[in-house]
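The structure appears below as C-alpha cells.
No lab work stands behind these numbers, since they all come straight from the coordinates. These figures come from a predicted structure and were not determined experimentally. Don't worry about glycine lacking a Cβ; one is built from the backbone with ideal geometry, like all the others, and counts go over all protein chains shown.
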Amino acid sequence: MNRTRRREKSEPKKPKAAASDSSSEDRGLKIGEAAKVIGVEAYVLRFWETQFPILKPKHARSKHRFYQPRDIDTLKLIKRLLHQEGFTIAGANKYIRENGIDPANIESASGKTEKHAEASSKSVASSSETRRALAEMRRDLESIQKMLADD
C-alpha cells in the first residue's frame, strides 16, 4: 500500500522563480551579479574588498557575498576613481575618506578632480613665477655684493 499523499490537481504549484526574486531583492546581489552591474570581473571586487575598508558586503552562512544598493554605489565610485579618474588605490581611499560615499559624489568626482588639477596647475605656474623672481633677486644681490667687494 502506498501511504504517500498526492497533491490534488486543483491545487496549483507555486513557481519557484517568483519566490526567489523577492528574496534576491532582500539579500542583495551575489558577487557575479554585482560584477556584471559594475562592469568588472568578480576577482576585482574581491581585491577591492581587501583594499577599501569601507567596502563590507554582507556574507551569508555559506560565505557568499551579497552586495546591497549602498555597496553598488560604493563600487561605482571606486571604479570611476580608479579607471576613469586615474587615482591610485591610496588616492582613492583618501578621496573616499575626505568626501565620503554619497551618490552625489559618484557624479561629481570628475568635477572635483578637474578643479583639483586646475588648482595644482595654478600652483605650479605660480611656483615657476616665484622661482624666476627669486633667481632675478639673487642675480641682483650677487651684483650688489660684487660692487661692495670691489670698494
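Amide H to amide H, with H built 1.01 Å from N, Lys30 comes under 5 Å of Tyr67, counting only residues 5 or more places away or on other chains. Put a dot 7 Å past the Cα of Lys56, heading toward its Cβ, do the same for Ser143, and the two dots end up 6.6 nm apart.
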